[in-house]
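S.K.: Handing you this structure, nothing more for now.
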Amino acid sequence: MATLNLQNITKSFGASQVLKGIDLAIKDKEFVVFVGPSGCGKSTLLRIVAGLEEATSGAIVIEGTDVSALAPVDRGISMVFQSYALYPHLTVFENIAFPLRVQKLPETEVKSKVAKAAEILQLTEKLQLKPGQLSGGQRQRVAIGRSIVRNPKIFLFDEPLSNLDAALRGDMRVELSQLHRDLAATMIYVTHDQVEAMTMAHRIVVLNAGKVEQFGTPMELYHHPATRFVATFIGQPNMNLVPAKVLGYDTRGLAVELDGGAQLTLPVDGAAAKKGDRIEVGMRPENIHLGQGLSMKVRVLERLGGTSITYGHMDNGQRFCAALPGDADVAEGQTVDLSINPADCHVFDASGAVLRRLMAPALAA
Amino acid sequence: MLMDRYNIWQKIGIYAAILVFLTFILLPFVEMFRTSLSPMSHLFHSPYEFWTTEFSFQAYHDMWIKVPLLGRYILNSIYVATMVTVLTMIFVIPAAYAYARLEFPFKSISLGAFLAVNMFTGAVLLIPLYRVMQTLSLLNTYWSMIIPGVAFLIPTGIWLLRGYLEKIPRELEEAAFVDGASRIYTLRRVVLPLAVPGLIVVGVSVFIGAYAQQYLFAITFNQVREYQPLAAGLFEFIGYQSVEWNQMMAAALTGILPVIIVFLFLQKYLVAGLTAGAVKE
């Protein structure tokens with residue numbers, strides 16, 4: 001179907017620059033998710049790709065053609081909106097048929113295309129109903145139906161699941177992944193929900209303050225976050241960041257002393273680090289287990305069954321979180337001794353950039 | 001809802017206020033109706049008597065004889081008001097949509113100017129308007145009543161409808177735009193069908209406005225008896241010798257009957273339309 005290249009896209013609203021030079025190359029048939037906190041510019045970027053907003057500068061290239069000056073329909077994209085944007089006065093059939101009516105296709109063709117879309121989305125029974133008579137998930141499917149009916153090259157989704165309840169959202173995630181496989185189309189999906197991003201994306205674009213922090217596969221982002229921002233944004237509960245000081249660097253790795261006293265030798269590429277540099281050591285709660293070396297006073301304990309998540313602080317007041325086994329023998333108010341495999345640690349320099357891990361899991365290659 | 005629950009004294013207060021208000025509004029109509037039922041001899045009876053055994057609908061019969069063109073006047077009123085409404089809507093719909101959705105220079109200034117125009121009643125502009133009508137050779141035609149009517153009602157129409165169109169979610173139009181629909185297509189197939197309650201509100205208020213204001217233009221710009229609307233035609237009940245008050249009131253009530261009927265049918269839209277978008281649904 002189609003590739004999409006964004007070349008140095010910027011966007012300013014008055015004096016405030018919301019996109020600061022975005023460069024992305026999205027491959028054919030790829031499912032790419034734009035993720036980031038509110039206000040990071042992800043929706044604006046999607047609207048620029050859609051042609052609903054004009055970029056202040058930069059080019060949008062679809063299948064080798066610069067489409068920056070074209071209307072949405074001529075770009076070969078279609079879009080599913082957060083609110084679904086269904087026309088309440090039209091039936092499901094007419095809602096799905098809307099783009100075809102705009103094209104003034106003959107009635108028989110409209111009927112067969114709508115019927116095909118309805119079949120894919122299991123809406124055949126609902127075609128004569130009005131959107132108001134449908135459930136949230138069905139409305140969502142109608143919105144998708146309207147977007148697939150005219151066979152676009154690229155599908156754009158703007159937070160399409162955020163209006164659904166949690167259970168339905170899980171189902172729709174699976175359905176969307178399935179749909180992507182069935183249609184074999186390029187899809188771009190905007191969300192603020194990292195679970196949606198991790199589960200559906202081939203590759204994720206993490207946006208922060210109008211810039212791309214990292215563009216990579218979910219496992220790359222998880223195991224090799226490029227910056228401290230990505231590291232804390234991806235993963236649940238959030239990564240612990242413990243301030244530390246560089247003691248030295250040799251073949252075994254970077255020797256550091258955590259604020260609080262513990263010393264670790266971390267297998268990261270620390271060639272650029274100098275003795276005495278201030279750094280931060282990132283430890284994912286799920287990598288921490290009961291052991292020796294780190295101690296934490298538990299303030300809040302959340303037992304989820306499979307895991308027990310403890311929130312509290314270390315001796316020096318550093319906030320800390322650990323995901324321990326479900327049956328771990330801990331209690332609120334208690335001090336527990338913990339440890340972490342040095343290979344699981346992430347190290348960030350003072351600017352927030354990562355020092356590359358040398359012993360990361362094979363999956364992240 | 002709990003907050004809608006009133007105690008007995010609050011209820012008495014509310015109903016008492018409604019009673020005062022309705023009395024104030026409706027008393028003239030009651031008096032009109034009473035006058036229309038009374039024989040002339042009774043109307044000037046002293047002392048004043050509210051009730052009599054002589055009430056009859058005789059005036060509703062006599063008025064057609066006394067003023068043979070009465071039916072025509074009523075139809076003229078409806079015709080002029082309808083034409084004003086249709087023409088006003090033709091201008092108001094695209095204008096209101098433009099004000100609701102497009103960005104253009106002097107947008108808020110021109111919108112304010114429309115409101116300012118409303119501060120001039122037709123009366124202060126009668127002489128210039130007369131000259132305009134004269135120049136365009138429109139005096140003594142229906143158009144002399146229709147055109148000024150349209151001109152004075154467009155501003156309010158734009159304000160009313162713009163507020164309504166702004167409440168229609170922008171995403172619906174964006175979705176249509178992404179699917180290749182033009183502005184006009186979107187207006188026709190998406191915006192207007194959703195704005196029907198708003199269109200009814202604006203249409204009805206324009207109609208009522210047109211019905212009420214045509215008197216001034218009729219007596220100034222039109223000398224042709226056959227074109228006069230009801231309000232001007234009522235003058236014919238004022239004779240050289242006497243005024244047939246009972247027939248005049250009967251004719252006035254008969255004349256506003258069509259408007260009242262339209263109102264009754266559309267009032268649910270009016271209430272819904274005037275408060276639309278006030279709360280999230």
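The values are calculated or read from the model by the stated rules, or taken from the named source; none is laboratory data. Computed from a predicted structure; not experimentally measured. Neighbour counts are summed over all protein chains in view; Cβ atoms, including those assigned to glycine, are modelled from backbone coordinates with ideal geometry.
S.K.: Quick check on B:V86: is it of a type in the set (V, I, T), touching a residue at least 24 places away in the same chain (Cβ under 8 Å) and assigned by TED's automatic domain parsing to the domain that holds B:A232?
M.R.: Taking the combined requirement at face value, the residue does not satisfy it.
S.K.: Let me ask you something else. Taking the range A:103-115, which residues are free of Cβ contacts under 8 Å to residues at least 12 places away in the same chain and within 12 Å of chain B (Cβ to nearest Cβ)?
M.R.: A:K104, A:L105 - these are the residues of the range A:103-115 that are free of Cβ contacts under 8 Å to residues at least 12 places away in the same chain and within 12 Å of chain B (Cβ to nearest Cβ).
S.K.: Right, next: Kindly establish whether B:Y73 is in contact with a Pro (Cβ under 8 Å, 6 or more places away or on another chain), at pLDDT 90 or above, farther than 30 Å from B:G198 by Cβ and surrounded by 14 or more Cβ atoms within 10 Å (Cβ to Cβ). Spell out the reasoning first.
M.R.: Values: in contact with a Pro (Cβ under 8 Å, 6 or more places away or on another chain): yes; at pLDDT 90 or above: yes; farther than 30 Å from B:G198 by Cβ: yes; surrounded by 14 or more Cβ atoms within 10 Å (Cβ to Cβ): yes.
Yes.
S.K.: Determine if the range A:50-68 includes at least one residue that is modelled with pLDDT under 95, of a type in the set (S, T, Y) and in a helix (DSSP H, G or I).
M.R.: No, the range A:50-68 contains no residue that is modelled with pLDDT under 95, of a type in the set (S, T, Y) and in a helix (DSSP H, G or I).
S.K.: For the range A:149-163, indicate whether the set of residues that are free of Cβ contacts under 8 Å to residues at least 40 places away in the same chain, under 26 Å from A:V73 (Cα atoms) and away from chain B (no Cβ under 14 Å) is non-empty.
M.R.: The answer is yes; a qualifying residue exists.
S.K.: Every residue in the range A:77-95 that is more than 11 Å from chain B (Cβ to nearest Cβ) and not polar (S, T, N, Q), please.
M.R.: The answer is A:V92, A:F93.
S.K.: Of the residues A:A55, A:A50, A:A69, which is loosely packed, with under 15 Cβ neighbours inside 10 Å and either of a type in the set (A, V, I, L, M) or farther than 18 Å from A:M187 by Cα (or both)?
M.R.: Being loosely packed, with under 15 Cβ neighbours inside 10 Å and either of a type in the set (A, V, I, L, M) or farther than 18 Å from A:M187 by Cα (or both) holds for just one of A:A55, A:A50, A:A69, which is A:A69.
S.K.: Looking at the range B:142-182 only, could you name the residues that are within 14 Å of chain A (Cβ to nearest Cβ) and assigned to a helix (DSSP H, G or I)? First the steps, then the outcome.
M.R.: Looking only at the range B:142-182, we keep the residues that are within 14 Å of chain A (Cβ to nearest Cβ), and these are B:167-182.
Of everything in the range B:142-182, those that are within 14 Å of chain A (Cβ to nearest Cβ) and assigned to a helix (DSSP H, G or I) turn out to be B:R170, B:E171, B:L172, B:E173, B:E174, B:A175, B:A176, B:F177, B:V178.
S.K.: Separate question: With the structure loaded, tell me whether A:L121 is of a type outside the set (V, I, T) and within 21 Å of A:M200 (Cα to Cα) or whether it fails that test.
M.R.: yes
S.K.: Say whether the condition of being away from chain A (no Cβ under 14 Å), surrounded by 17 or more Cβ atoms within 10 Å (Cβ to Cβ) and at pLDDT below 90 is met by at least one residue in the range B:183-194.
M.R.: no
S.K.: Considering each of B:F217, B:F177 in turn, give the residue that is farther than 16 Å from A:Y87 by Cβ and among the aromatic types (F, W, Y).
M.R.: Step by step, each of B:F217, B:F177 is checked, and only B:F217 is farther than 16 Å from A:Y87 by Cβ and among the aromatic types (F, W, Y).
S.K.: What residue, of A:G136, A:G132, is in contact with a Leu (Cβ under 6 Å, 6 or more places away or on another chain) and touching a residue at least 12 places away in the same chain (Cβ under 8 Å)?
M.R.: After applying the criteria, what remains is A:G136.
S.K.: Could you list all residues from the range B:149-165 that are farther than 30 Å from B:V124 by Cα and at pLDDT 90 or above?
M.R.: If the condition is that a residue be farther than 30 Å from B:V124 by Cα and at pLDDT 90 or above, then B:L165 is the only one that fits.
S.K.: Do we find that B:A218 is touching a strand residue (DSSP E or B) at 6+ places or on another chain (Cβ under 8 Å) and of a type in the set (A, V, I, L, M) in this structure?
M.R.: So B:A218 fails the test.
S.K.: Now, a different point. For the range A:32-49, name all the residues that are within 14 Å of another protein chain (Cβ to nearest Cβ) and either β-branched (V, I, T) or assigned to a strand (DSSP E or B) (or both).
M.R.: A:T44, A:I48, A:V49
S.K.: I'm trying to understand the selection: among the residues of the range A:12-31, which are aromatic (F, W, Y) and touching a residue at least 24 places away in the same chain (Cβ under 8 Å)?
M.R.: Listed by number, the list holds a single entry, A:F31.
S.K.: Follow-up. A:A273 - would you say it is touching a Lys or Arg at 6+ places or on another chain (Cβ under 9 Å) and among the small types (G, A, S)?
M.R.: No.
S.K.: Okay, moving on. Would it be correct to say that A:D165 is under 22 Å from A:P88 (Cα atoms), acidic (D, E) and assigned by TED's automatic domain parsing to the domain that holds A:F81?
M.R.: Taking the combined requirement at face value, the residue satisfies it.
S.K.: Could you tell me whether the range B:37-53 includes any residue that is under 28 Å from the mean Cα position of the chain (by Cα), under 13 Å from B:Q247 (Cα atoms) and either among the hydrophobic types (A, V, I, L, M, F, W, C) or surrounded by 10 or more Cβ atoms within 10 Å (Cβ to Cβ) (or both)? If you could, list the steps in order and put the result at the bottom.
M.R.: Looking only at the range B:37-53, we keep the residues that are under 28 Å from the mean Cα position of the chain (by Cα), and these are B:37.
Going one step further and asking which of them are under 13 Å from B:Q247 (Cα atoms), we end up with B:37.
Still in the running and either among the hydrophobic types (A, V, I, L, M, F, W, C) or surrounded by 10 or more Cβ atoms within 10 Å (Cβ to Cβ) (or both): B:37.
Yes, the range B:37-53 contains a residue that is under 28 Å from the mean Cα position of the chain (by Cα), under 13 Å from B:Q247 (Cα atoms) and either among the hydrophobic types (A, V, I, L, M, F, W, C) or surrounded by 10 or more Cβ atoms within 10 Å (Cβ to Cβ) (or both).
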